[in-house]
Amino acid sequence: MTETTVLVEGEIDSMMMTGVTEYPGHGAGGSGDGSEPGGSEYVHHTESIRETVESIIVALILAFVFRAFIVEAFVIPTGSMAPTLYGAHGTLLCSDCGVEFAYGVRDLEDSNRPEKIRQGSKAICPNCNHINDDLRINDLAHNAETGDRILVLKWPLDTGIGVLAPKRWDVTVFKDPADGKTNFIKRLAGLPDEVLMILDGDLYSVPTSELTEETVAKLDQKREEKYELRTTGKRARLSPPPASVLNELDQKLQVARKTPAAQEALWFPVYDHDYPPLELDANQPRWSAGQKNKSGWVATKRRVVFRDEGVEDDFIELVRKEIRASCAYNIRSRAAPFVSDLRVSFVMTAAEEKASVGVWLNKRGRVFRAEVSANGSVSIREKAETAGAGKKTIAITGRIAPLVAGEPVEVSFEVVDYRLSLRVAGDEVLSTSTDRSSPDYYGPNIGHLRRSSISHPTQSPRIYAKGGDLELAHLLIERDSHYYNDSVGAIAGFGPVDGWGGRNYPILLRHDEFFMLGDNTAASKDSRLWDVMGSHLADRGEAFQLGTVPADQLIGRAFFVYWPNGHRIDWLPFAKKYGLIPDVGRMRWIR
């Protein structure tokens, strides 16, 4: 095996194979018929060596062809895709709740952060907010755990076949537009021939074919400003497009919803009640009864119990937890925006037929409540006073097979990408429509989002119960990915620079241009921030646009973590700094 080091963000592994050909009856120095070595034996021996060398050369050629066109291996050194993929990192168990999480030892993408992770540095638990200061893995000790080693599928991009073309939300490896040599890995967010904008953490797009020629022309002219920006080295604020362009986009942009596989990968745990804090202080999360008197809820243990006391609107609420787009991987992360796209899930066991459970979620002031009853009735309803003037209140009802008393069933309710979804036993039983003409439609007011720059705190989720006793296990709250939109220059210390595709600064992707985003939105220098054009793209002039990746710079789609950092043998002095034992449990498909 040979390794060629690149910064991915990655190192390349290539598998080299050797072959040896043996001929029957010819041993080392023997003729095969018992005679002494002579001229003929020498000829046979020479032919054997030659054919063996030929076999080795052929094997090497096949290995290089396989690597060049089929599959290539990389290693991730940085945390721009955390927690989906880990770069150089340390792992620890929170000393309060026991959750395992990773923290980045060195963030190579943040060149403006000279300090390193040292002894005494602190990592905040993403589950219980506890500050952990026993970081045995740090820069000074030179004992960081290696990044994930991944496999990248290359051949589909070489075929030119439409169904095998790059797809939105694929984790993709490509050449850095700044130098054409470094390999980067991000999530593919924007596709050719569309206009893209990031608003309130979500991605919005519209095909150029649905826009007027005037709007497309005016957006296309904006790349002249970007061309001057990249060639002069200026980082001045771009002027927004005309109001007529933004008004048309307000009417036509649609949420670019994630594929089910990508969405599942982009749910990040906020609080897992299977890991409650052992020593609960004032700033740590907990489930607290909303009714101070006669509440039937007991949520002090991992298994949450409800005993019906006849109290109206008896609920528990998550308290002491701000839900933000922060990532524990970033030791020194800045204040992150609030996130309101959430999922609440649990396993419910009802003791009787009349028992029902409800989940209450809030999205930018609109309150939604999903309810599941043991008798089989299900519903999603909006609190009437939160719908807003002139808007129809969402109310969807249905029926499922009655639940069997005493048998557990999985329940989840999510508000994500302006879509409500209720699942029971793994099946989606109710959801809102994505069709604007449907009476059950739920969608954004894009103009309002674009003009609103305030990141609002998210009201905490609630869980209601009534009608009979029940228990909840594996109670979990997760948040969706949340992409920073404007003034993203602060991510990497760029100052007041508006990012490409940000609020009021839509980006037009022409033919064969792609837009990339990192899952670790607070520490990813991706399409939003690129401001350097590599010499390999200089001859393209204005045909190349900052913030994009040309199609011929794509390498392939990452699909498998084949070698995560292994377990260490602490009792062996020479081996305790290295993960020698394969961690098979962390090998996984990349979604």
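The values are calculated or read from the model by the stated rules, or taken from the named source; none is laboratory data. Keep in mind that this is a model prediction, so the values were computed, not measured. All Cβ positions, even for glycine, are placed from backbone atoms using ideal geometry, and neighbour counts span all protein chains on display.
Applying a threshold of 8 Å to beta carbon distances and a minimum spacing of six or more residues, or different chains, the list of pairs starting in region 573-591 at a residue that is within 15 Å of THR91 (Cα to Cα) and ending at one that is surrounded by 14 or more Cβ atoms within 10 Å (Cβ to Cβ) and among the hydroxyl-bearing types (Ser, Thr, Tyr) reads GLY579/THR146. Working only within region 257-271, note down all residues that are over 12 Å from the mean Cα position of the chain (by Cα) and assigned to a helix (DSSP H, G or I). The one that is over 12 Å from the mean Cα position of the chain (by Cα) and assigned to a helix (DSSP H, G or I): PRO260.
Taking the condition out of contact with any strand residue (DSSP E or B) (no Cβ under 6 Å at 6 or more places or on another chain), assigned by TED's automatic domain parsing to the domain that holds VAL305, of a type outside the set (Gly, Ala, Ser) and surrounded by 14 or more Cβ atoms within 10 Å (Cβ to Cβ), does VAL409 pass? Write out each step before concluding.
Values: out of contact with any strand residue (DSSP E or B) (no Cβ under 6 Å at 6 or more places or on another chain): no; assigned by TED's automatic domain parsing to the domain that holds VAL305: yes; of a type outside the set (Gly, Ala, Ser): yes; surrounded by 14 or more Cβ atoms within 10 Å (Cβ to Cβ): yes.
Criteria not met by VAL409.
Among the residues of region 525-537, not a single one is in contact (Cβ under 8 Å) with a residue 60 or more places away in the chain, in contact with a strand residue (DSSP E or B) (Cβ under 8 Å, 6 or more places away or on another chain), within 30 Å of GLN221 (Cβ to Cβ) and β-branched (Val, Ile, Thr). The residue that is farthest from ILE463 (Cα to Cα), counting only those in region 281-311 that are hydrophobic (A, V, I, L, M, F, W, C) and in contact with a Gly (Cβ under 7 Å, 6 or more places away or on another chain), is VAL311. Each residue in region 412-461 was checked for being aromatic (Phe, Trp, Tyr), buried (at least 16 other Cβ atoms within 10 Å of the Cβ) and more than 18 Å from PHE346 (Cα to Cα), and 2 pass. The single condition among (1) surrounded by fewer than 20 Cβ atoms within 10 Å (Cβ to Cβ); (2) of a type in the set (Phe, Trp, Tyr); (3) in the same structural domain as PRO207 (by TED's automatic domain parsing) that TRP571 does not meet is (3).
Going through (1) more than 30 Å from LEU253 (Cα to Cα); (2) touching a residue at least 24 places away in the same chain (Cβ under 8 Å); (3) acidic (Asp, Glu) one by one, ASP133 falls short only on (2).
I'd like to check something: does region 309-318 contain any residue that is in contact with a His (Cβ under 7 Å, 6 or more places away or on another chain), modelled with pLDDT under 95 and among the small types (Gly, Ala, Ser)?
Of the residues in region 309-318, the ones in contact with a His (Cβ under 7 Å, 6 or more places away or on another chain) are none.
No, region 309-318 contains no residue that is in contact with a His (Cβ under 7 Å, 6 or more places away or on another chain), modelled with pLDDT under 95 and among the small types (Gly, Ala, Ser).
For ASN375, the conditions (1) modelled with pLDDT of 95 or more; (2) among the polar types (S, T, N, Q); (3) outside any loop (DSSP other than H, G, I, E, B) all hold with the exception of (3).
Identify all residues within region 233-276 that are polar (S, T, N, Q), within 22 Å of GLU428 (Cα to Cα) and either modelled with pLDDT under 95 or surrounded by fewer than 18 Cβ atoms within 10 Å (Cβ to Cβ) (or both); write none if there are none.
Listed by number, the list holds a single entry, THR259.
If you go through region 381-412 and pick out every residue that is under 23 Å from ASP308 (Cβ atoms), in contact with an Asp or Glu (Cβ under 9 Å, 6 or more places away or on another chain) and free of Cβ contacts under 8 Å to residues at least 60 places away in the same chain, you end up with 5.
How do the strands (runs of 3 or more DSSP E) wholly within region 490-591 filter down when requiring 3 or more residues that are at pLDDT 90 or above and within 22 Å of the chain's Cα centre (by Cα): which remain? So that I can check it myself, show each step before the final result.
Values: elements: 507-509, 513-517, 554-563, 579-581.
Of the strands (runs of 3 or more DSSP E) lying wholly inside region 490-591, those with at least 3 residues that are at pLDDT 90 or above and within 22 Å of the chain's Cα centre (by Cα) span 513-517, 554-563.
Would it be correct to say that VAL311 is β-branched (Val, Ile, Thr), more than 30 Å from LEU517 (Cβ to Cβ) and touching a residue at least 12 places away in the same chain (Cβ under 8 Å)? When the stated conditions are applied, VAL311 passes them. In region 110-127 there is no residue matching the filter, namely being outside the structural domain of THR548 (by TED's automatic domain parsing), β-branched (Val, Ile, Thr), at pLDDT 90 or above and part of a loop (DSSP other than H, G, I, E, B). The set of residues in region 284-316 being buried (at least 17 other Cβ atoms within 10 Å of the Cβ) and among the acidic types (Asp, Glu) consists of ASP308, ASP314. If you filter region 395-421 down to residues that are outside any strand (DSSP E or B) and within 20 Å of the chain's Cα centre (by Cα), you find that the one that is nearest to ARG462 (Cα to Cα) is VAL416. If I filter region 239-253 for residues that are part of a loop (DSSP other than H, G, I, E, B) and over 30 Å from ASP220 (Cβ atoms), do I get at least one hit? No: zero hits.
With respect to the conditions (1) part of a loop (DSSP other than H, G, I, E, B); (2) at pLDDT 95 or above, VAL195 lacks only one, and its number is (1).
Tell me yes or no: at least one residue of region 324-336 is surrounded by fewer than 19 Cβ atoms within 10 Å (Cβ to Cβ), modelled with pLDDT under 95 and touching a Lys or Arg at 6+ places or on another chain (Cβ under 6 Å). Looking through region 324-336, at least one residue is surrounded by fewer than 19 Cβ atoms within 10 Å (Cβ to Cβ), modelled with pLDDT under 95 and touching a Lys or Arg at 6+ places or on another chain (Cβ under 6 Å). With respect to VAL367, determine if the residue is in a strand (DSSP E or B) and either at pLDDT below 95 or within 18 Å of ASN445 (Cβ to Cβ) (or both). The answer is yes for VAL367. Cβ-Cβ contacts under 8 Å between residues 6 or more apart (or on different chains), taken from a first residue in region 262-291 that is over 13 Å from ILE477 (Cβ atoms) to a second residue that is exposed (fewer than 15 other Cβ atoms within 10 Å of the Cβ) and among the hydrophobic types (A, V, I, L, M, F, W, C), are listed as SER288/VAL319.
Tell me, which residue of region 181-217 that is at positive phi and of a type in the set (Asp, Glu) is surrounded by the most Cβ atoms within 10 Å (Cβ to Cβ)? Write out each step before concluding.
Here is the first cut: in region 181-217, the residues at positive phi are 193, 200-201.
Imposing the further condition that a residue be of a type in the set (Asp, Glu) reduces the set to 193, 200.
Numbers: ASP193: 14, ASP200: 25.
Here the residue is ASP200.
Among the criteria (1) under 24 Å from ILE477 (Cα atoms); (2) exposed (fewer than 14 other Cβ atoms within 10 Å of the Cβ); (3) of a type outside the set (Gly, Ala, Ser), the one PRO402 does not fulfil is (1).
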